[in-house]
Amino acid sequence: MKQRVKQLFILSVFILGIKNTTQAATIALDGLWLDEDNLKTAIVQNDNRIILNNKSGNKLVKMNGVVSGKTITVSIDRANFTGEISEDNLVITWKNGSKWFRDISGTWENQKGHNINIEQIGSFVRVKNAKGEVESVGFMKDDGIVIINKIKNETTSGSLLDENGIVWKDGTAWRKKK
């Protein structure tokens, strides 16, 4: 019984830690983003101003822009491009219909201390255990991450709490390891 209470306490502290982090500051757009063709764009944000860097062929393209609420506007060659940022800040949908997905690739840790590796190509994600075995596959949508567990044949969804935290529908949470 004491062990169970201790586990619940640790889980509560872990989840509260993630929630307190997100209440203190809005999620920044800083970091890597992938388009549907898996081309990477780096976004650097300072308050509402952003700089985007991506490669077009062998040429580095730098774009300046601003964020206002959930709208992003970027200027390149005197033309403006506008997009909408999803509620959980995982997806930018541009007015031309193309989408960018936050790159969540890397090693994550669940509240039990187990490492989970996420690999991402565009909106497609693969979740591997510490042994490198694929346990789940899924994709990112405008309203969160959807994962299908291959072993249990179960589907779950999650939301990004901040750039380093995911909370799943069942209440479990993962933190990205640096």
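The values are calculated or read from the model by the stated rules, or taken from the named source; none is laboratory data. Note that the structure is a prediction, hence the values are computed from the model and not measured. Heads up, the Cβs are rebuilt from the backbone with ideal geometry, glycines too, and the neighbour counts pull from every protein chain shown. Surface accessibility is based on the protein's heavy atoms, side chains included, excluding ligands, DNA and RNA. Shrake-Rupley method; radii C 1.70, N 1.55, O 1.52, S 1.80 Å.
Suppose a student asked you for the relative contact order of segment 46-151, using Cα pairs under 8 Å spaced at least 6 residues apart; what percent would you report?
Computed value for segment 46-151: 13 percent relative contact order.
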So how much accessible area does Arg49 have, in Å² to the nearest 10, using a 1.4 Å probe? 150
Between Glu87 and Asn64, what is the spin-label point distance in nm, taking each point 7 Å from the Cα along the Cα→C-beta axis? 3.5
Protection proxy (average C-beta count within 10 Å per residue), highest first, orders 60-71, 137-148 as 137-148, 60-71
Over the Cα atoms of segment 87-161, what is the Rg over Rh ratio if Rh follows Kirkwood? 0.99
Could you tell me which of the pairs Lys40/Lys128; Lys70/Lys131; Lys70/Lys112; Lys70/Lys169 are separated by over 29 angstrom between their Cα atoms in the structure shown? Lys70/Lys131; Lys70/Lys112
Could you put Asp47, Asp88, Asp30 in order of accessible surface area, largest first, with the 1.4 Å probe and the full protein assembly present? Asp47, Asp30, Asp88
Where does the Debye-calculated log10 I(q)/I(0) of segment 28-137 sit at q = 0.10, 0.12, 0.19 Å⁻¹, using only Cα point scatterers of equal weight, no solvent? -0.34, -0.48, -0.99
